[in-house]
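Visitor: After the structure tokens below, expect a handful of questions from me.
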Amino acid sequence: MDLADRSVGSIKSQALYAASQGISFLIIALVFYVGALWIISGRYSTSEFFTVLTSVVSRSDLVNKTGAYADLRVHPSWKRV
């Protein structure tokens, strides 16, 4: 593998990480928006909304953390200690 191949691989992995972070923030924003609409319409109370928002934020954070470790592979050039 030369430097150009490593650079392309690095850019791809950084783009994937950026996309996962962006999707996480998009979901949180969507939940916040829909929750605000439901509070205005009287479908949910403020305390119910913040309970749901907190659970969605904590779950998305958990998914991001576990997803970061899910794709770890041992590269043939890496040596075990």
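Visitor: Determine whether Ala36 is in a helix (DSSP H, G or I), at pLDDT 85 or above, surrounded by 10 or more Cβ atoms within 10 Å (Cβ to Cβ) and under 16 Å from the mean Cα position of the chain (by Cα).
Guide: Spelling it out, it is not the case that Ala36 is in a helix (DSSP H, G or I), at pLDDT 85 or above, surrounded by 10 or more Cβ atoms within 10 Å (Cβ to Cβ) and under 16 Å from the mean Cα position of the chain (by Cα).
Visitor: Now for a separate question. Return the only residue of Leu26, Leu72, Leu62 being at pLDDT below 90 and not in a helix (DSSP H, G or I).
Guide: Criteria check complete, one pass: Leu72.
The values are calculated or read from the model by the stated rules, or taken from the named source; none is laboratory data. Because the structure is predicted, anything quoted here is derived from the model rather than measured. Virtual Cβ from ideal backbone geometry, glycine too; neighbours counted across all protein chains shown.
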